[in-house]
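Trainee: Below is the structure I would like to discuss, written out as structure tokens.
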Amino acid sequence: SQLAVVWLDEELKDAPQGPRQRIVLEALRGRPLPVAAATVIEEASSSYSQLRSLEAQGRIRLERIEIQRSPWQRTPLEAPRFNLTREQSEIVEALRKRLGRREFFSYLVHGVTGSGKTEIYLHLIKRALQLGLTSLVLVPEIGLTPQISGRFRSWFGPEVAILHSGLSGGERFDQWRRIRSGESRVVIGTRSAVFAPLERLGLIIVDEEHDSSFKQEELPRYHGRDTAIRRAQMASALVVLGSATPQLETYHRAVAERKAGFGVLKSRILDRPLPDVHIVDLREEFQRRGRESMLSELLQEKIGSRLQRGEQTMVLLNRRGYASSVFCRACGHTEACRNCSISLTYHRTADRLSCHYCGYARSVPKVCSECGREFIFFAGQGTEKLEEHLAGIFPNARLERLDRDRVRRKGSHERILHRFAAGQIDVLVGTQMISKGHDFPGVTLVGVLGADQSLRFADFRAAEKTFQLLTQVAGRAGRGEQPGEVVVETYYPAHYSLKFACRQDYESFYREELPFRRRFRYPPFTALANLILCNRQRRKGEERSALLAELLLKARDRFSDSARMRILGPAPAALERLKKEFRLQILVKSTNRKELRQVIVQARDEFLQTAGESGRVTIDIDPVNLL
């Protein structure tokens, strides 16, 4: 048992009280009781004596009871309910029949942003509960769980449980126990929630199925979407994949190969129009203005007009920090991480240089560490610099930044989004965290800076990832009664991924991208395996990787042939040094998954017998990141 606040007298909210007591009461209002006293003390920076003082005044009541630690920060608002459109009704009706059959079936819901995919999920879960079945909903980011779980809780109340890494150990255990006991029959969570202990599982929903965060990059490696499909097969359940920008392999499997059902939502709820998109060619902008600026004239003008009308703006820059690199203008030396082959990022708030891969950090040098001269220059731009720049142009605007640096403390992500939803923030600046799944009716303008930076990555998915990011963030505009606009700033306005993303034209992007994948034998036409061999000594790493490649070729001769399987490498990985280790890469492409597995297992076993402990190799099947 533990001490908890079990009652709050709302009628005394206007009674005289000290500033610390007001903070405590504010932390209690609008959240379900009872709540652990320790939780209130932590959130309000309070003490047990202040709680006892409030109890003596009759404002709260404390009792020692057994309570479940609640992950919910506040009582959910009543979510709006819409009449299903014809497209939605057809999908829901078809899938309701599938639910009743209790057999495995995979279905892709492809709808433009704002088309009402969540409404379909809600009706399907309602039907599953009527049939006595449980449901699992996977979302890609922790940041999406507060908004989507609030909407689901308004429909299903205490039936809903939540699982993600942002919960404390106690909260996670209590949620797991509710699921295991059958108290909660609807589970919402990130990728690890796919292992939730649900009985009579009838429905699995994977929202934003294309998102790369569904892939677990560390051991044990798994993909949340693929694991969900396998679990649905084992449970004879219905699995629904939803996205405005489905992964190309998923779309190809459903449409071209017809190995899954397929439904499309072509229009937004209430026939709201898609946002108007303006592409700003930064080459012309530079020639006209004679200098480089963080904001184009068009975007700056449109932000100003939104502020005058009391409307909200989101600005995406998918790079955190203040400056992406620090170098000397005298000798050209760049301050790099001592553990990784990457430049250090300057974070002005912390006044530190840091590596976003290994966490190494150091103070900002006053002179060049190479030549000793004082010509230190901060190059590039991140969300910190953008926030500062906007504050200088619009000093009266209520600005907020949402990136990984800003949301390190528990609950901070949800608090920022709650304030933005409540209209307390005019301009929200952020990385890709702001681009997906959020539904803010007050947002009528979205700005995208550095729209083409992901096209420079050494990854065959570069165009696809760029298209997905731009389409998703553009879809945040115009989801309310007012129409939306999007301003995209780029140096490559003619690139097909940008053009089709601005039109939210997935089919055209698919048709343009597919020949490239076919020609160079990339998914969906082959299965892919990425083998990374790491060693602190470059020469030894090269020797070991050459041995592994030789063993792979021998295994291929045994189980496959060069027509069905290609082995590329070894070669230095795009990120050659990481956490003090040199990385060599071998890429295996195969048109037959069974043969791919046989070849890799055979070569791996022989390699480990020969190389021993020095032969550490990472094997990633169906990689989403080739860096």
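Trainee: Could you put K580, K366, K589 in order of accessible surface area, largest first, with the 1.4 Å probe and the full protein assembly present?
Mentor: The ordering from most to least exposed comes out as K366, K580, K589.
Trainee: Can I ask one more? Per the 1.4 Å probe, what fraction of the accessible area of the stretch 561-609, in percent, lies on carbon and sulfur atoms?
Mentor: 45
Trainee: Turning to a different aspect of this structure: Can you give me the Cα centroid spacing of the stretch 434-460 and the stretch 246-301 in angstrom?
Mentor: About 9 Å separates the Cα centre of the stretch 434-460 from the one of the stretch 246-301.
Trainee: Now, a different point. Roll a 1.4 angstrom probe over the protein heavy atoms and tell me the percent of accessible area of the stretch 333-487 that is carbon or sulfur.
Mentor: Using a 1.4 Å probe with all protein chains present, the stretch 333-487 comes out at 47 percent carbon and sulfur.
Trainee: Relative contact order of the chain, please, whole-number percent, based on alpha carbon pairs below 8 angstrom and at least 6 residues apart.
Mentor: About 11 percent, as a whole number.
Trainee: Something else now. Considering amide H positions built from the backbone, and no H for Pro or chain starts, which residues 5 or more places from L265, or on another chain, come under 5 Å of its amide H?
Mentor: Hits under the 5 Å cutoff: H110, G111, V112.
Trainee: Tell me whether the stretch 114-230 comes out rounded, prolate or oblate; compute the Cα gyration tensor, take square roots of the eigenvalues as a ≥ b ≥ c, and use a/c under 1.5 as the rounded threshold.
Mentor: The shape class here is rounded.
Trainee: Do you know the relative contact order of the stretch 361-498, to the nearest whole percent, from alpha carbon pairs under 8 angstrom that are 6+ apart?
Mentor: 20
Trainee: Let me ask something additional. Once all Cα-Cα distances of the chain are split into 20 Å bins that start at 0, what whole-number percent is in each one?
Mentor: So the P(r) values, bin by bin, are 17, 47, 32, 4, 0.
Trainee: Using a 1.4 angstrom probe, figure out how much accessible area the chain has per residue, in square angstrom, rounded to the nearest whole.
Mentor: Accessible area per residue, the chain: 46 Å².
Trainee: Return the subset of K554/K589; K97/K436; K436/K579; K117/K594; K215/K594 for which the Cα-Cα distance in this structure is over 24 Å, preserving the input order.
Mentor: K97/K436; K436/K579; K117/K594
Trainee: So how far, in whole Å, is the C-alpha centre of the stretch 141-216 from the one of the stretch 26-59?
Mentor: So the two Cα centres are separated by 28 Å.
Trainee: Which residue, T618, S497, H252, has the largest displacement toward the positive end of the dipole of the chain when charges sit on each Cβ (Lys, Arg +1; Asp, Glu -1)?
Mentor: Toward the positive end, the furthest listed residue is T618.
Trainee: In the stretch 88-191, carbon and sulfur make up what percent of the accessible area (probe 1.4 Å)?
Mentor: Carbon with sulfur: 49 percent of the solvent-accessible area.
The values are calculated or read from the model by the stated rules, or taken from the named source; none is laboratory data. Quick caveat, the model's predicted, so the values are computed rather than measured. Cβ sites come from the backbone with ideal geometry, for glycine too, and all protein chains shown count toward neighbours. Surface areas here come from the heavy atoms of the whole protein model, side chains and all, with no ligands, DNA or RNA. Shrake-Rupley method; radii C 1.70, N 1.55, O 1.52, S 1.80 Å.
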